[in-house]
1. If you fit an axis through the alpha-carbon atoms of helix 172-182 and take the longest principal axis of the Cα set of the chain, what angle between them do you get, 0 to 90°, nearest 10?
2. Quick one: what are the phi-derived ³J(HN,Hα) couplings along segment 236-249, Karplus 6.51/-1.76/1.60 with θ = phi - 60°, whole Hz, x for glycine and proline?
3. Calculate how steeply helix 295-310 sits against the longest principal axis of the alpha-carbon atoms of the chain, using the helix alpha-carbon long axis, and give the answer as 0 to 90 degrees to the nearest 10.
4. Is segment 13-106 rounded, prolate or oblate when judged by the Cα gyration tensor, a ≥ b ≥ c being the square roots of its eigenvalues, rounded requiring a/c under 1.5 and prolate requiring a/b larger than b/c?
5. Expressed as an acute angle from 0 to 90° and rounded to the nearest 10, what is the orientation of the C-alpha long axis of helix 93-103 relative to the principal long axis of the chain?
6. Mind checking which of H131, T217, L290 is farthest towards the positive end of the chain's charge dipole, using Cβ charges of +1 (Lys, Arg) and -1 (Asp, Glu) about the Cα centre?
7. Once amide H atoms are built 1.01 Å from N in the peptide plane, which residues 5 or more positions from V69, or in another chain, come under 5 Å H to H?
8. Name the long-range amide H neighbours of I198: under 5 Å, sequence gap of 5 or more, or other chain; modelled H, no Pro or chain starts.
Amino acid sequence: MAGRILVTGASGFVGRALVADLANAGHPVRAAMRQPADIFARSVEVVAVSDLTRPVEWRALLKGVETVVHLAGIAHAGPEIAEQAYDRVNRLATAELAETAQRMSVQRLVFASSIRAQCGPVASSVLDESHAPQPTDAYGRSKLAAEEAIRDSNVPYTILRPVLIYGPGVKGNMARLATWARTPWPLPFGSFSNRRSILARQNLIEAIHFSLRTPATLGETYTVADPEPLTLAQIIAALRAGYGRPPALLPIPRAPIGATLKAIGKAEIWDRLAGELVVSPSKLIRAGWLPPVRSLEGLAAMARADRDVQR
C-alpha cells in the first residue's frame, strides 16, 4: 500500500494519533478536518472539510486517493442529539463518501463503526460478528445504517466495530472513570465484578493498519476489542496504579449505588458501571491482527500520561 490515504476526522481522538502513525510509517496522508491546524508533520497534506451536517464535495477530497479511513462522525450517544443529526452525519455523509469513492475507483474504505451498531450498552452473552445487530439507540442505528450504505455502494471495504476506546486525552465515559480514579479517597467499586471489553487506541490503530495492508479483510466486518475483558474493579485499580495510588476499592453492595443513580435519572450510567459487555475480537485475531497493548498496562500508561499533564 503506497498510495495516498485520506483520513477523515483527522483531528479527533483516534484520527490525530492515526495520521501521525501513518506519516511516521512513510505513507502519504491527506488529513481532512473541519478546522485545519498545524498539528502534523509537514509531509501530511491538511485539508478542510465542511461540517458533515451539510453535503461534502467528496470528489475533491478523493482526488489522487487510493485508500480511505473514515473516522468522522458524531462519536457518542446522547439524548441531547436529534436522531436526524445522527442520520445526516453518520449515515448519509458516509453513504455519499462511499458512493463517490466507488465511482473514483478507491481501492479500500476502512470504516470506523461502533459496537453500538450491534448492541446496546450491555449484553447477556459474549458478542461477536455472528450475532444479529440489535442497536438500541439513534447513534447505534445510524452506525448500522452507515455500514449498510457502504456495502450497498460496492466500494471495497473493511468495517471495524470498536468497543469503548481508551488512551491519553480520552473523553467521555473513560475520562469519567479516570476522574474518579484520580481522587485520593476510597471508591465504592470493590464489589463490581461485571466484565467490560475496552480497546486501547493503539490497538485500534493497528487494526486499521492491518485492514489497509491485508487483502483478506476486504468485504469483512470485525468487532474490535482488547483480547481480555476486565472487571470494572480491575479497570479502576489499573487507572489508580497509573496515578500512583493504591486500589482502595471498598466492597460496598451494588444495589444502593444503583438505586441512587436510577433515582436521579442516571440509569444509563448504572448500565455502564454494573452491566456486562464482553466482545470477542477472535475473528480479527484469527485473520492475523496482533494488538500490541495489554489492557492493564495500557490503562496505567494512560493515567500516567494524564498525571504528567496535570503536573
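Only the coordinates and a few stated rules stand behind these numbers; no lab work does. This structure is a prediction, so every number in the text was calculated from the model and none was measured. Cβ atoms come from the backbone with ideal geometry, glycine included; neighbour counts cover every protein chain shown.
1. In the chain, helix 172-182 runs at an angle near 40 degrees to the longest axis.
2. Result, ordered by residue: 4, 5, 5, 5, 5, 4, x, 7, x, 10, x, x, 6, 9 Hz.
3. 90
4. Working: a/c = 2.13, a/b = 1.37, b/c = 1.56.
Judged from the Cα gyration tensor, segment 13-106 comes out oblate (a/c at least 1.5, b/c at or above a/b).
5. 30
6. About the Cα centre, the residue reaching furthest to the positive side is L290.
7. When sequence neighbours closer than 5 places are left aside, the close amide H contacts are L6, V7, T8, V110.
8. HN-HN under 5 Å from I198: D226, L230.
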